[in-house]
Amino acid sequence: MIDRDMQAVGRDDYGNLPTALDDAQLRELARAIRVESVRMIHRARSSHLGSCLSMADIMAVLYGCIMRFRPADPTWADRDRLIVSKGHAAAATYATLAEAGFMPRKRLEEFGRDSSVFAGHVTHGVPGVEVSTGSLGHGLPIATGMALAARRSRAAWRVFAVLSDGELDEGSNWEAFMFAAHHGLDNLTAVIDYNGIQSLDTVEKTLRLEPLRAKLESFGWRVLDVDGHDVRALRQALDRATASTGRPTAVIARTIKGKGVRFMEGKVLWHYRPPDDAEMAAAVDELGAGE
Ligand SMILES: Cc1ncc(C[n+]2csc(CCOP(=O)(O)OP(=O)(O)O)c2C)c(N)n1
Ligand SMILES: [Mg+2]
């Protein structure tokens, strides 16, 4: 196991994490993202903890073994780009970036403070953030444009977008799905955090998405369907996605909202509600960091 402090992991001359963390290290990274998310949202009395816990493994795998980036040089021209389209999951996004080395973990304490750049929705200006998000349905259209730009400039960098399932209610996504397939953007990967819950109810009751796989395939995408909490399965899917030729890839990552904290798992409540002191302590205890 790596040290809980990812800053201590051996890095190359550019401050990068080792190119590929192993499965145990990826799980440890995901756990660190979850613990930080709990603490940040508790401290700021903010929202969207369930959303953050849902995507921790996806973020760990993307930053731990898939994406190419240099934390000491966040705007390195050849970096892979990630758009976190479910921008309400800001705590997990900032925690991932801190764990990946873009900034000291201490900076996460700024989350939700007045006039801090660490706003409650993913905000450009935080080291490593490509684009501000939060208004759902914009991330994939932006990622698609970036992927087309990379293609046209013959650049080798890839584009990833992390979307939520409720977010697919936004019609703009479907225009982007159509556009990306039309242009054969095989440098684009969309990861859909498919937890089955949106703000107020289940996806099924709010606006049915199924059959999602068939819909995406009919739009011309390659589709991979995986357990979104199994780091090995995620890694294999994302490796396959980046090796895809001729078509963009969608990874349907089946997740549980609130994953890792039993009393939050699968509950709509924790979309908005921050944990109180006792709930925070119980959550951190269960995640294994102690207090
Ligand atoms: C355009 C737009 N409409 C409404 C909202 C308010 N809102 C915030 S999160 C959310 C849905 C959350 O569910 P989901 O998209 O499935 O994300 P999850 O938290 O489950 O990953 C909504 C409707 C928003 N951010 N943007
Ligand atoms: Mg959802």
Neighbour net charge for LEU212 - beta-carbon separation under 15 angstrom, K R +1, D E -1: -4
Which lysines have a Cα lying under 16 Å from the Cα of LYS267, excluding residues fewer than 8 positions away in the same chain? LYS205, LYS257, LYS259
Write down the accessible area per residue of the stretch 138-291 in Å², having rolled a 1.4 Å probe over the full set of protein chains. 45
If you average the sequence gap of Cα pairs under 8 Å that are 6 or more apart and divide by the length of the chain, what percent do you get for the contact order? 22
ARG152 versus ALA20: modelled label distance in nm, points set 7 Å from Cα along the beta carbon direction: 3.5
Based on DSSP, what percent of beta bridges with both residues in the chain are antiparallel, to the nearest 5? 5
Nearest-0.05 FRET efficiency for ASP277 and THR242, computed from C-beta distance (R0 51 Å): 0.75
So what's the gap between the Cα centers of the stretch 127-162 and the stretch 67-120, to the nearest angstrom? 15
Cα centroid of the stretch 18-41 to Cα centroid of the stretch 168-228, whole Å: 26
Rounded to whole Å and sorted largest first, list the principal axis extents of the Cα atoms in the chain. 51, 50, 37
Heavy-atom accessible area of the stretch 19-287 with neighbours in place, 1.4 angstrom probe: carbon+sulfur share in percent works out to 50
Under 17 Å from the Cα of LYS215 - aspartates and glutamates, other chains or at least 8 residues apart: ASP165, GLU167, ASP169, GLU170, GLU175, ASP193, GLU204, ASP225
15 Å beta-carbon shell around ALA155, net charge (K/R +1, D/E -1): +3
Expected 222 nm ellipticity per residue - DSSP helices of 4 or more, -39500 (n - 2.57), all of the chain, to 500: -11000 deg cm²/dmol
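The values are calculated or read from the model by the stated rules, or taken from the named source; none is laboratory data. The structure presented is a predicted model; accordingly, all values stated were derived computationally and were not measured. When we count neighbours, we look across all protein chains shown, and the Cβ atoms used for this are built from the backbone with ideal geometry, even at glycine. Side chains are part of the model used for accessible areas, which takes the heavy atoms of the whole protein and leaves out ligands, DNA and RNA. Shrake-Rupley method; radii C 1.70, N 1.55, O 1.52, S 1.80 Å.
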